[in-house]
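For reference, the structure discussed in these notes is given below.
The values are calculated or read from the model by the stated rules, or taken from the named source; none is laboratory data. Every value quoted in this text rests on a predicted model; they were computed, and no experiment measured them. Cβ: placed from backbone, ideal geometry, glycine included. Neighbour counts: every protein chain shown. For accessibility, only protein heavy atoms count, side chains too; no ligands or nucleic acids. Shrake-Rupley method; radii C 1.70, N 1.55, O 1.52, S 1.80 Å.
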Amino acid sequence: MKQVFRSKIFYLIIFLVNLGVVLVFNNDEEPTEKLTADEFFTTLADGKVTFIEVEQRKSVIEISGRLAGYEKDQYFVASVPNSETSLDRMNNAAEENV
């Protein structure tokens, strides 16, 4: 009887560990919307962007943030060229909507 009980517990533990691993790796997906550079600049100029996080890379600027009406766990991502023009457009739009 002890061996039957031990084997059931062993398989239950193996099942729970596998379930935990699957949930951890599948729970990564947060609701995101990918915006083009033009869509990003348009929404930024319209004042619809409520939060923004900018990360500069060599040739692109990666932007993530929230638009008005988004829920707490929703955000957008956009990539714009790393150039003076892009930086000026972002700064001008930000200054207009402050």
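For a quick check of understanding: with a 1.4 angstrom probe and all protein chains in place, what accessible area in square angstrom does ASP46 have, to the nearest ten?
90
If you restrict to DSSP beta bridges whose two residues both lie in the chain, what percentage is antiparallel, to the nearest 5?
Here the share of antiparallel DSSP bridges comes out near 75 percent.
Using mean projected area of the Cα convex hull in nm² as the read-out, say which of [x] 7.4; [y] 9.2; [z] 8.7 was calculated from these coordinates.
[y]
In nm, give the distance between the simple-model label positions of ALA37 and LEU16, each being 7 Å from the Cα along the Cα-to-Cβ direction.
5.2
I'd like to check one number: the per residue accessible area of the chain, probe 1.4 Å, reported in Å² as a whole number.
81
In sequence order, what are the phi-derived ³J(HN,Hα) couplings for segment 41-50 according to the Karplus relation 6.51 cos²θ - 1.76 cosθ + 1.60 with θ = phi - 60°, rounded to whole Hz, with x for glycine and proline?
Karplus values, whole Hz, x for Gly and Pro: 5, 5, 5, 5, 5, 7, x, 8, 8, 9.
What GluC sites (Glu not before Pro) in segment 9-98 are in a loop by DSSP, with at most 10 other Cβ atoms within 10 Å of the Cβ?
GLU29, GLU71
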